[in-house]
Amino acid sequence: MPYPIIFDTDPGVDDAQAIAIALRHPDIELLGLTTTYGNVDVETATHNALLLAQLAGRSDVPVAQGAASPLVKPRHPAPAHIHGKNGLGDIELPKVQGKRDPRSAAQFIVDTVNARPGEVTLVTVGPVGNLAAALQLDPALVDKVKRVVVMGGSIREGGNVTPVAEANMFNDPHAAQRVLTAGWPLTLVGLDVTHRCVLTREHMDRIEAGQGALGKVLAESYTFYSDFYREFLGIDGCCPHDSCALAWLLRPELFTTAPGHLAVVTEGSAEGQTIFAPEGRGFIQERWSQTPLVEVCLEADGQAVVEWIAETLS
Ligand code: BDR
Ligand code: CA
């Protein structure tokens, strides 16, 4: 039975790879794409989401635009050196024909979950302001979603935009604090596992061959993105962060998880850090263990995950 999901995203090169999976995988029923600023501004994110759906022949998938900036802090400049100014490696892009859904991302999430209570999984792979806004509109969502899967955070791995913070958490720590402690069933897929996964040129050649016009955009934007990984991190390939959230959903046996309590640092030099207190572990004060229980990914079979991505899109 397919998984009905809403995919919340800031495309973004690795977002585009994950969107392709969400559009193509036979076990996913993609109910909609919701967009946020992050890797690009929100208008560009919406443009890219519409384009990717169109290239996959899936213009039937609604795209609803969401957060243009963080809840509290000022917006950081988009990381054009990683994803390109257009979010897709500055390659030339075909014209978009479709139009976005008139609703806000938050309203779209509320309407869609309420239409199918208990069925819908929210997969979020950008700053999480849209989920925080949806919770504000309808606090009872916590009991109506099937699960929330968050690509973000880091437990033992350290950060990628600061020594301790992962980009999606850092970009809106106040929203992240609300979403990660809301009390809905939640799984965190962070850098502890996404850094174990390296999507190589060989994988991307298979994806390009399998995905027609969409494959061309994925392959060309991959070149720009992997240049960043080579230059800054000395990696031959790229980490397909956002696809890992879908890999966890469909192939959880490739991941090791642990139950516990999360908190997000919202201010100061550790802003955006995710703090994890394993279930049952006593600390000097109880406050670390007072947020609702969630599940975090701690390890993954990285090779099997990237093979699954390539296989899905071949
Ligand atoms: C996350 O940050 C973004 O740049 C990526 O698209 C991914 O969602 C990784 O830290
Ligand atoms: Ca992303």
Between Pro94, Pro11, Pro292, which gets the highest mean-square fluctuation from a Gaussian network model of the chain, Cα cutoff 10 Å? Pro94
State the Kirkwood hydrodynamic radius of segment 103-259 in Å, one decimal place, computed from all pairs of distinct Cα atoms. 16.9 Å
In debye to the nearest 20, the charge dipole size for the chain, taken about the Cα centre with +1 at each Lys and Arg Cβ and -1 at each Asp and Glu Cβ, equals 580 debye
Take every DSSP beta bridge with both residues inside the chain and express the antiparallel ones as a percent of the total, to the nearest 5. 35 percent
Considering only Pro77, Pro278, Pro185, give the residue with the highest GNM mean-square fluctuation for the chain, with springs between Cα atoms whenever their separation is below 10 Å. Pro77
Putting +1 on Lys and Arg Cβ atoms and -1 on Asp and Glu Cβ atoms, find which of His83, Thr121, Met169 reaches farthest to the positive end of the dipole of the chain. Thr121
Nearest 0.05, what FRET efficiency do Arg281 and Lys95 give at R0 = 45 Å with Cβ-Cβ as r? 0.25
Kirkwood radius from Cα pairs of segment 146-190 plugged into Stokes-Einstein at 25 °C, 0.890 mPa s, gives D in µm²/s equal to 228 µm²/s
About the Cα centre, and with charges only on the beta carbon of Lys, Arg (+1) and Asp, Glu (-1), how big is the dipole of segment 1-123? Nearest 20 debye, please. 240 debye
Could you give the accessible area per residue of the chain, probe 1.4 Å, as a whole number in Å²? 40 Å²
Which net charge results when you count Lys and Arg as +1 and Asp and Glu as -1 among the other residues whose beta-carbon is under 13 Å from that of Gly66? -4
Summing -39500 (n - 2.57) over the DSSP H runs of n ≥ 4 in the chain and dividing by its residue number, what mean residue ellipticity at 222 nm do you reach, to the nearest 500 deg cm²/dmol? -11000 deg cm²/dmol
Semi-axes of the equivalent ellipsoid for segment 5-102, please: Cα gyration tensor eigenvalues, times 5, square-rooted, ordered largest first, whole Å. 21, 15, 12
Over all directions, the chain yields a Cα convex hull whose mean projected area in nm² is 14.6 nm²
Sequence neighbours fewer than 8 away in the same chain don't count; with that in mind, list the lysines whose C-alpha is under 16 Å from Lys216. Lys95
Positive dipole terminus of segment 187-314, leading residue within Gly280, Leu214, Ala258 (C-beta point charges): Gly280
Using only C-alpha positions, report the orientation-averaged shadow area of the convex hull of segment 111-189, nm², one decimal. 4.8 nm²
Using a Cα-Cα cut-off of under 17 Å, which aspartates and glutamates could be cross-linked to Lys85, ignoring same-chain neighbours fewer than 8 residues away? Asp10, Asp14, Asp15, Asp41, Glu43, Glu220, Asp227
Largest fluctuation, Ala22, Ala67, Ala140 only, Gaussian network model of the chain with Cα springs under 10 angstrom, belongs to Ala140
Using a 1.4 Å probe and ignoring any ligands, DNA or RNA, find the accessible area of His81 and quote it in Å² to the nearest 10. 110 Å²
Where does segment 167-261 land on Rg(C-alpha)/(2.2 N^0.38 Å)? 1.27
What number do you get for segment 42-191 when its Cα radius of gyration is normalised by 2.2 N^0.38 Å, N = residues? 1.08
Put a dot 7 Å past each Cα toward the Cβ at Gln290 and Glu307; how far apart are the dots in nm? 4.7 nm
Place a +1 charge on the Cβ of each Lys and Arg in segment 175-227 and a -1 charge on the Cβ of each Asp and Glu, then give the dipole magnitude about the Cα centre in debye, rounded to the nearest 20. 220 debye
How big is the accessible area of Arg281 in square angstrom, nearest 10, if you roll a 1.4 angstrom probe over the protein chains? 130 Å²
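The values are calculated or read from the model by the stated rules, or taken from the named source; none is laboratory data. It should be emphasised that the depicted structure is a prediction, and the values quoted were computed from it without experimental measurement. No Cβ is skipped: glycine too gets one built from the backbone with ideal geometry, and neighbour counts run over all protein chains shown. When the accessible area is computed, the model is the full protein with side chains, heavy atoms only, and any ligands, DNA or RNA have been set aside. Shrake-Rupley method; radii C 1.70, N 1.55, O 1.52, S 1.80 Å.
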